[in-house]
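Colleague: The structure that follows is given in the form of structure tokens.
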Ligand code: B12
Ligand code: SF4
């Protein structure tokens, strides 16, 4: 029998990890707002997340932007897996659980010295698109110095080939059962892995993938709450985070009431696309919420369709009641954000939103729309009510609660999504419920999503390209051909992703136009001279300048394309900018209108 000393690295937030300066700036800004001092101009900051200056707007936006710099969400998977092992594992006495690292802000030398002092013999990593590169780099260095340490991976991105390469074991999809059996097998030291569900392991240099077993809460009635079973550890992690970052925004704790989603939107990799029943957790959620609020944290609801179940409304009522007597943060007077409201059941969803707004009029409402065109929605198997019906709910809310801010999530590059329809959609938003912020993101190809399959891509005429986004505002020397030394800039990579787009002339270029027009929509509000101008009018004024500018940028991107990598940044006057934030820079819209850019 073997003793295991296990250390977990879970999640990590790329925004905090890559951008400590930005987080500091936003902290100061939020503090100044609390102190009621006049704020610095946000337009001076180089970021993907520029916020407007007006107080009410800021408050409301904050509550709907979960990835706001300086906000942090604790991923609960370590507590979940540990609780499951402690209940159903065979050898608790053989395991030491070392403190879990929730952030990815680590220098390699610090990781190595941490390993030296804590001396784990098993390291566990949760892989998500935003930390894959960071964790692979960690593991390569760790393996070099400590080849005896067993490396186990899990999380939605664990099945990427280049992740599996660096791991000894991977648990795909839900982790509870597979992880528990794997630890038991490692303790028994018999190395018989055939029966372990959801496990991927190596045998004679071949990868073996065991069969998958879906996780159902009802099969484990004695399983205790992962939050209430780990109170002191959670408290310690939260306090360490608070002491270290002194963030004005309280951290948030990811909280699942149910797991799984009955739908299969083509872009989505929720529960690794493997859990399409909804399994409800039966723990005492009131006690869990009390505990999270006692820690002065807010709650991020992780359910795929929040507001779908009657129980969800009870949760909202409970929280409303709780915060009538004590508020966690002036920025989050209602302490729960939902990652994903239900796509159908809109009447229940908007009843819930209305209840919150009634008492917290600056609560921001995030609406995941992706696209409003029924043909596009059909091509991505997206369930939603027809747009006219959805719009009416939003208009009703808007007229009743004028202080709320709507933010809208849209995906760029969906099949059948033309540039013309995209512009029409933005005009439609502007003419109706006027969302204040559009999150427009290229379609990121996720490994377990339906669109990952070749047949899907062929049927919909989609192709993919690997992209590297360089950090914003980097000065790079241009040579006489107007290309940049991308090798030097390699250390400045902000994130990498595989983008999917329609294989047609101008397919990628039109998607750049969609991102640009989305960011121009967001920036328009900063220009008093365009306050009375509709988005449609503004677009017609700047279309010529924008077309020319995007064409020239696209030409540069093609010139700079190296091996399989595309760098979709903007290069302007010797500096590289993030494609999105460039359009927030002061005066850019005016230059586009004047066609002088
Ligand atoms: C909260 C959340 C966020 C938060 C916080 C993210 C953060 N940085 O911490 C916010 C809102 C900011 C966010 C943003 C994004 N998110 Co998000 N998010 C989630 C969400 C809803 C919950 C994650 C969670 O806590 N789940 C609860 C735990 C218990 O489940 P789990 O994570 O799946 O863990 C289980 C297993 O995976 C496994 N497991 C996990 N780790 C490990 C480790 C080991 C060793 C083992 C054995 C097992 C194991 O065991 C667990 C229990 O079964 C998930 C969807 C979901 N419900 O899972 C999407 C999800 C993780 N997000 C996703 C995406 C794509 C994004 C964005 C890129 C979206 C975008 N285009 O902007 C951004 C990027 C953010 C960033 N740069 O940091 C994808 C990730 C796909 C992927 N392959 O990584 C998911 C799966 C949703 C989806 N639509 O497909 N997100
Ligand atoms: S996007 Fe939302 S509704 Fe669609 S499959 Fe994913 S979790 Fe389900």
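The values are calculated or read from the model by the stated rules, or taken from the named source; none is laboratory data. Just so it is clear, the model here is predicted, and its values are computed rather than measured. Methodologically, a virtual Cβ is constructed for each residue, glycine included, from the backbone with ideal geometry; neighbour enumeration extends over all protein chains shown.
Colleague: Filter region 558-581 down to the residues that are in contact with a helix residue (DSSP H, G or I) (Cβ under 8 Å, 6 or more places away or on another chain) and without any contact (Cβ under 8 Å) to a residue 40 or more places away in the chain, then identify the one that is nearest to residue 514 (Cα to Cα).
Modeller: 570
Colleague: Could you grab me the full set of residues in region 160-180 that are out of contact with any helix residue (DSSP H, G or I) (no Cβ under 9 Å at 6 or more places or on another chain) and either surrounded by fewer than 23 Cβ atoms within 10 Å (Cβ to Cβ) or more than 21 Å from residue 5 (Cβ to Cβ) (or both)?
Modeller: Selection gives 161, 164, 168.
Colleague: Can you say whether residue 207 is in contact with a strand residue (DSSP E or B) (Cβ under 7 Å, 6 or more places away or on another chain) and either exposed (fewer than 15 other Cβ atoms within 10 Å of the Cβ) or part of a strand (DSSP E or B) (or both), as far as the supplied structure shows?
Modeller: Yes: the conditions hold for residue 207.
Colleague: Give the residue, chosen from 135, 146, 162, that is within 28 Å of the chain's Cα centre (by Cα) and either modelled with pLDDT of 95 or more or within 12 Å of ligand 1 (Cβ to nearest atom) (or both).
Modeller: After ruling out the rest, the residue left standing is 135.
Colleague: Looking only at residues in region 111-133 that are touching a helix residue (DSSP H, G or I) at 6+ places or on another chain (Cβ under 8 Å) and part of a loop (DSSP other than H, G, I, E, B), which one is surrounded by the fewest Cβ atoms within 10 Å (Cβ to Cβ)?
Modeller: 130
Colleague: Here is a further query. Where the second residue is at pLDDT 85 or above and in a helix (DSSP H, G or I) and the first is at positive phi and not assigned by TED's automatic domain parsing to the domain that holds residue 389 and lies in region 344-355, which pairs have Cβ atoms under 9 Å and are six or more apart or on separate chains?
Modeller: Once the first residue is at positive phi and not assigned by TED's automatic domain parsing to the domain that holds residue 389 and sits in region 344-355, no partner that is at pLDDT 85 or above and in a helix (DSSP H, G or I) comes close enough.
Colleague: I would also like to ask the following. From the residues in region 278-303 that are assigned to a loop (DSSP other than H, G, I, E, B) and in contact with a strand residue (DSSP E or B) (Cβ under 7 Å, 6 or more places away or on another chain), which one is farthest from residue 326 (Cα to Cα)?
Modeller: In this case the residue turns out to be 278.
Colleague: Can you pull out the residues in region 355-388 that are surrounded by 15 or more Cβ atoms within 10 Å (Cβ to Cβ) and away from ligand 2 (no atom under 16 Å from the Cβ)?
Modeller: 355, 356, 357, 360, 361, 362, 363, 364, 365, 373, 387
Colleague: Next question. Based on what the data block shows, is residue 254 within 14 Å of ligand 1 (Cβ to nearest atom), over 29 Å from residue 99 (Cβ atoms) and not assigned by TED's automatic domain parsing to the domain that holds residue 444?
Modeller: On the way: within 14 Å of ligand 1 (Cβ to nearest atom): yes; over 29 Å from residue 99 (Cβ atoms): no; not assigned by TED's automatic domain parsing to the domain that holds residue 444: yes.
It is false that residue 254 is within 14 Å of ligand 1 (Cβ to nearest atom), over 29 Å from residue 99 (Cβ atoms) and not assigned by TED's automatic domain parsing to the domain that holds residue 444.
Colleague: Only one of 499, 515 is assigned to a helix (DSSP H, G or I) and modelled with pLDDT of 90 or more. Can you tell me which?
Modeller: One residue alone meets the criteria, 515.
Colleague: Can you name the number of the only condition in (1) in a helix (DSSP H, G or I); (2) within 16 Å of ligand 2 (Cβ to nearest atom) that residue 157 fails?
Modeller: So the condition that residue 157 fails would be (1).
Colleague: All but one of (1) within 13 Å of ligand 1 (Cβ to nearest atom); (2) surrounded by fewer than 20 Cβ atoms within 10 Å (Cβ to Cβ) hold for residue 294; state the number of the condition that does not hold.
Modeller: All conditions are met except number (1).
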